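No value in this document is a laboratory result; all are computed from the given coordinates. What you see is a predicted model; the values in this text were computed from it and never measured. Cβ sites come from the backbone with ideal geometry, for glycine too, and all protein chains shown count toward neighbours.
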Amino acid sequence: MKKKVKIILAFVIMVLPIVFTAEADTDALSVDLLNTYDNMELSYMDGYSPQVAGNNVRILLPLISESEKLIDNERIKVTFDIGTTGYTAFYRGNYMKYFRPSEYAINGTDTTQNAYLIDYSLPLLWNKVNGSYPVEVKVEYSVDGEEQSQQFVVYVDITTGTDKYEYKSDIEPKSRDKHSAPDIIISEYSYSQDIIQAGDEFQLFLTLENTSDIWHAHNIRMDWESEKADLISTDSMGSIFIDELENKEKTGVVLNFRARQDAEAGTQKITIKLSYEDNMNTACTSEDSIIAEIQQPIRLVHDDISIPSSVNAGDSMPISMQVFNMGKSTVYNVLVSVAMPGVIPDGASYLGNMESGDKGTAEIYAFFGTLDMGEYGLETDYKYGMSAGTVTVYYEDEFGEAYTEIIDVKTYIERPVFDDLYNKDEEKEEEPDKMGTWWLSIGILIVIAAFVIGITSYRRKINQLKREYGHLDD
């Protein structure tokens, strides 16, 4: 019964802001209450609850608009508020993300719905306490240049944590010395990614711990700043406030940063400053530093590879290319090699270390044989034809991590020049026989023509004598 009441209450809390906002502005977004999307077991109407997996909870909130007017740039800004005071099961931080609409399959079918599907994971405390926690989802957007906002509430049920312990207010020492005040330290920290490169956005996860055995800390304020201007805080608020940390209690905080594109490679220091009060309202402060390792992205580029479109078997010529270090950090052990059927290089081209802005020319002399020759020769009956292979560029960064770039290359290997010359010599030796046959044919034709001419002349002579002397036949 309690669960049904809680579901109905959550539904009313989410729906009422939508109703009132829709009356005031026809362009307001609304929750898709009826349909389920991927990773949703139930619709919001049927009592959807975000999934908790390990130390994260995944919130899915589908928003739809039936208005004919489009949201400017089709983009909404979504902020997640877990509360700034009181106990929470989440790491405290400023959570914000932009979303755009898309077509999503609904209800496990091929039917689709155009929606702004808010899909976001919030980190949970390692010592989270069981209970139901509201997450306020604030949506901001503009229509025709006019700024608008809406708020929705999603309840997260935690059942995999521990039972909440009681606050022991009777532990109140009558006196204390300078060593008995609450002392808040950063007991653990980690980053959202193993490698932070210049231009990246990343998160810093902190665990604050009150190491005192008896003293509580109240009205805790945390501020932070980077040693250099290379790391920029992207949190909308410059401070985080925590209502209380009991003795031996821990809580988590998430800070959001962006490394400038031109950030200097190496270690960067982030300073965390804490101010708070003890049980006797005495002001306390503490300060600690966190180290971030920043890398500049590797930008090793090259121009076109110099290799002829066709060669003759037996040729020797260089295969070359220029390599440029366009990044801001040094690139180490740059090596260029060639692998092609029928191509036998004299070795690889080693350019060594290249500082920012350096360029080098990789030149590899190679012998072009037949397709079945060399380390990468083919098992084929055809010795000549297209040879397709690769040029590999190998290099390392300042941490020794290896990178490779593979470039496709090809050339057509033709018969060697001396084969053509040999064939031409054979053709020249056959020419006299052809000429003799031709003259023989001409001679025969001449003899036949002379015979025909002779017979014709004889007959003409006989006919002439008959006309002159009469009957010669008698």
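A few comments on the model shown:
- Over the C-alpha atoms of the stretch 300-415, the Rg to Rh ratio, Rh being the Kirkwood estimate, stands at 1.04.
- Given R0 = 30 Å, the distance between the Cβ atoms of S320 and L378 translates into a calculated FRET efficiency of 0.75.
- From least to most packed, judged by other beta carbons within 10 angstrom and beginning with the fewest, V301, V254 follow the order V301, V254.
- Long pairs among K269/K359; K228/K248; K97/K128; K97/K359, criterion Cα-Cα beyond 30 Å: K269/K359; K228/K248; K97/K359
- Inter-site label distance for D304 and Y332 at 7 Å from Cα along Cβ, in nm: 3.5 nm
- Modelled label positions at D288 and I185, each set 7 Å beyond Cα in the direction of Cβ, lie 0.8 nm from each other.
- Net charge of the neighbourhood of S289, taken over other residues with C-beta under 12 Å away and scored Lys/Arg +1, Asp/Glu -1, is -2.
- Neighbour net charge for G347 - beta-carbon separation under 15 angstrom, K R +1, D E -1: -3
- With K and R counted +1 and D and E -1, the other residues having a Cβ less than 14 Å from that of R260 yield a net charge of -3.
- A crude spin-label estimate for the pair A402 and E140, with each label 7 Å from Cα along the Cβ direction, gives 4.9 nm.
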